[in-house]
Amino acid sequence: MDKQKILVVDDEAIIRQLLTRSLLKEGYEVETAEDGNIALEKAKKTSFNLLITDLKMPKKDGMEVLKEVKRTNPYVELIILTGYPTIETAVEAVRIGAFDFICKPFDVQAMLTTIKQCLEKQKYQIKHIELSELMTFAEITRLITSVFELEPLFNRILDSALSITKAKRGSLMLIDPKTRALNVKAARGLDKNIIRNTEINLNEDISDKAVQGKEQALTSSTLNIPLVSISSRSKGNALGMLNISDKVSEESFTEREKTLVFVLAGQAAVAIENAGLYLQLQENIDGLRKVIAQLNDTQNQLIQTEKLAAVGHLAFGIAHEIRNPLGIILGGVELLNNTLCKNDNASDEVVGKIKNSIDRANNIIVDLLKFSRASKLELKLVDLGKLLDEAAALVASRARLSNVEIEKNFPKENVRVNADETVLRQVFFNLYTNALDAMPKEGRLKLSISLNGKNKENNGKKENFVTVEVADTGKGIREEELSNIFNPFFTTKEPGKGTGLGLSIAHLILERHNGRIDVKSKVNEGTTFVVKLPQAA
Amino acid sequence: MIGRKKILVIDDEEDFCFFLKKNLENTGEFIVFTAGTGEDGIRLCRLEKPDLILLDVMMPKMSGPDVAEILREDTGINNIPLIFLTAVVTKEEIGGAPIREIGGQNYIAKPIEIENLVKTINKVLQEKAAL
Ligand SMILES: Nc1ncnc2c1ncn2[C@@H]1O[C@H](COP(=O)(O)OP(=O)(O)O)[C@@H](O)[C@H]1O
Ligand SMILES: [Mg+2]
């Protein structure tokens, strides 16, 4: 262990010699000063453990020397030696934290005992301070490494550095990897405008040296500490710097504070690096989540399409097997009505009912047949706005009857898609019909086309998609029904009113056009069907 | 009987043919012959030289289009108008009309009400007469 260092300040040479001799014998390192100025000079070079000083001296009063030395070396112990003790000086000595107040002439042995006690006390006190400092420091590092968001992290690092060094002002700057300039990321006690406009080019300024040389650039009242990560990833390059100035008490930074803040800077750099990695990871995870969601979505669409295609397959055979007997029944009923029960009102009614039922069965077959049609598309360039209009014309009179206003919001330019006109018109006709069914008394049917650019990846290359929205202000769809509406034969309408095939057909048709259909709905507020189609080049 | 148009129905559904014949003849405008297979239909066609043929598309052995092809090649009967009857073309595809031209040929979707069928037959006959 280092020898403990004592500075003896007294204008009387005899006292200096007496003390020096005794102290050297005890194993201390001793220096002397005959006046206050010399004492201060020496205290600047060496950090003494103990200062033994006379009070009444020429040039500088002992009390002044004490105060000044304490400023740079707060752990220094003091013993006051005086030939003119007064109550005032005694009180002042206590206030300043002197260990003892000894009157001349003094007993050397007693003095040595006092010195020993004093240094012993100091040793424990320093240990204690160091320990508690380390604990705060450990706590600070723990806090820093637990923050993963960059902005709070920057602020916390700066606040920690300020609290460790007991300083008022400071900033944290990071090097922009592209521009190689230092940007302020966090600041305390600095003018907002200065912060905003501060962008230090790395070829100027003292911060330059600090960053590039990885050394502390020091002015007496400012600390510029490079943020160099201690992890192996960073290869010792500085990420930026930590600038601290203005101690609360106007002392300069102690060696210990410098060391601590330097170590803190190392930890902070690691934390910043980690936070960056964490964000990157987070982004990757988010990206992955999106991909998984997309996959699920695609899978669902595929399953749906599979189901529908199977229906389409069956439809052809079913149509033949059922519509032929329907044709026979219809022929038979008409024959009965026209020959056997001619002009009989009662039988007219019966025949009417039978015909209705034939119609009902036939409608299902007709809808089913559309599935098989959807697999053999005749594609050509189609003006989407025109197609939506044509489909709207088919429901216009019905809309008028039920007080439904049709509102259109199409872009000025023509929007073209590659589509089978007949089949695609069917899709929108189905959507409009459903909307009207949901608004029996009154409402608004809003049709809109929008070009929202590259929003779907297709085999790695982006495609432009057109979005058509068919929005109604009808009764809405209940949550538990929402997942079923695209299933074949799912209907909430009265028997004979709905086949439950309209949306399934729409789904299949859009799938076959490399598009898709989605729904948003709120009960009692309305439903919006969102159709996306690839825009024709 | 004079003035009545001769209609030939070729369809493998025996009951369908039966009711169709009765219903069409009940209108007093037509005389109807029926055949249950393509071969019988062709033979009857050559024999009777009808004014119009109603031809089912899906039949076992010889299909409707096969029958049509043979009739087209037969100079004596190749100008008789022909309407296909089908259970697998939908009215909606036809745009709501009961008849549709596909590849230059007329189609009617089954089932069809007799009233509509009569209208369609008369329309085709008028078009033929106008040529
Ligand atoms: N615009 C809408 N508003 C409220 N419900 C709707 C709407 N569109 C579809 N639905 C619901 O989805 C079901 C399935 O629709 P669809 O497949 O077209 O068959 P259908 O109309 O024959 O019932 C409907 O029965 C209805 O419950
Ligand atoms: Mg519907």
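I'd like to know if segment A:490-501 contains one or more residues that are in a loop (DSSP other than H, G, I, E, B), within 16 Å of ligand 2 (Cβ to nearest atom) and either among the acidic types (Asp, Glu) or not assigned by TED's automatic domain parsing to the domain that holds A:Gly443 (or both).
At the first step, the residues of segment A:490-501 found to be in a loop (DSSP other than H, G, I, E, B) are A:490-501.
Imposing the further condition that a residue be within 16 Å of ligand 2 (Cβ to nearest atom) reduces the set to A:490-501.
Now narrow it down to the ones that are either among the acidic types (Asp, Glu) or not assigned by TED's automatic domain parsing to the domain that holds A:Gly443 (or both): A:494.
Looking through segment A:490-501, at least one residue is in a loop (DSSP other than H, G, I, E, B), within 16 Å of ligand 2 (Cβ to nearest atom) and either among the acidic types (Asp, Glu) or not assigned by TED's automatic domain parsing to the domain that holds A:Gly443 (or both).
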Six or more apart or on different chains, Cβ under 8 Å: which pairs go from a residue in segment A:375-392 that's at positive phi to one that's loosely packed, with under 15 Cβ neighbours inside 10 Å and among the aromatic types (Phe, Trp, Tyr)? Could you list them? none
Candidate set: segment A:482-491, residues that are within 23 Å of A:Val404 (Cβ to Cβ) and either within 6 Å of ligand 1 (Cβ to nearest atom) or open to solvent by 60 Å² or more (accessible area, probe 1.4 Å) (or both); chosen: the one farthest from the other protein chains (Cβ to nearest Cβ): A:Ile485
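Among the residues of segment A:21-64, which ones are farther than 19 Å from A:Ile96 by Cα and of a type in the set (Val, Ile, Thr)?
The answer is A:Val30, A:Thr32, A:Ile38, A:Thr46.
Right, A:Thr339: within 14 Å of another protein chain (Cβ to nearest Cβ) and surrounded by fewer than 17 Cβ atoms within 10 Å (Cβ to Cβ) or not? Walk me through how you get there before you give the answer.
On the way: within 14 Å of another protein chain (Cβ to nearest Cβ): yes; surrounded by fewer than 17 Cβ atoms within 10 Å (Cβ to Cβ): yes.
It is true that A:Thr339 is within 14 Å of another protein chain (Cβ to nearest Cβ) and surrounded by fewer than 17 Cβ atoms within 10 Å (Cβ to Cβ).
Give me the strands (runs of 3 or more DSSP E) completely within segment A:372-435, filtered to those with at least 1 residues that are within 16 Å of ligand 2 (Cβ to nearest atom) and in the same structural domain as A:Thr527 (by TED's automatic domain parsing), ordered by residue number.
Numbers: elements: A:380-383, A:404-409, A:416-419.
So the answer is A:404-409.
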Mind checking which pairs have a first residue in segment A:493-514 that is away from every other protein chain (no Cβ under 14 Å) and over 17 Å from A:Thr305 (Cβ atoms) and a second that is more than 9 Å from ligand 1 (Cβ to nearest atom) and outside any loop (DSSP other than H, G, I, E, B), Cβ under 8 Å, 6 or more apart or different chains? A:Pro495/A:Arg360; A:Gly496/A:Asn356; A:Gly496/A:Arg360
Identify, by number, the condition in (1) in contact with a strand residue (DSSP E or B) (Cβ under 7 Å, 6 or more places away or on another chain); (2) closer than 18 Å to A:Val470 by Cα; (3) at pLDDT below 95 that A:Leu379 doesn't meet. (2)
A:Phe529 - would you say it is modelled with pLDDT of 90 or more and of a type in the set (Phe, Trp, Tyr)? yes
Among (1) surrounded by 13 or more Cβ atoms within 10 Å (Cβ to Cβ); (2) more than 9 Å from every other protein chain (Cβ to nearest Cβ); (3) closer than 17 Å to A:Gln426 by Cβ, A:Glu378 falls short only on (1)
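Here is a yes/no grid of residues against (1) touching a helix residue (DSSP H, G or I) at 6+ places or on another chain (Cβ under 6 Å); (2) under 16 Å from A:Val366 (Cβ atoms); (3) at the interface with chain B (Cβ under 9 Å from one of its Cβ atoms):
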| residue | (1), (2), (3) |
| --- | --- |
| A:Lys290 | no, no, no |
| A:Thr305 | yes, no, no |
| A:Phe316 | yes, yes, yes |
| A:Ala319 | yes, yes, yes |
| A:Pro325 | no, yes, yes |
| A:Leu330 | yes, yes, yes |
| A:Glu334 | yes, no, yes |
Take A:Ala435 and decide whether it is modelled with pLDDT of 95 or more and more than 14 Å from chain B (Cβ to nearest Cβ). yes
If a residue must be buried (at least 16 other Cβ atoms within 10 Å of the Cβ) and either near ligand 1 (Cβ under 7 Å from one of its atoms) or under 23 Å from A:Glu480 (Cα atoms) (or both), how many such residues does segment A:492-517 contain? 13
Would you please name the residue that is least open to solvent (accessible area, probe 1.4 Å), looking only at residues in segment A:401-428 that are more than 16 Å from A:Arg444 (Cα to Cα) and of a type in the set (S, T, N, Q)? A:Gln426
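The values are calculated or read from the model by the stated rules, or taken from the named source; none is laboratory data. Computed from a predicted structure; not experimentally measured. Glycine also receives a Cβ, built like all others from the backbone with ideal geometry; neighbour counts cover every protein chain displayed. The accessibility values were calculated without ligands, DNA or RNA, using every heavy atom of the protein model including side chains. Shrake-Rupley method; radii C 1.70, N 1.55, O 1.52, S 1.80 Å.
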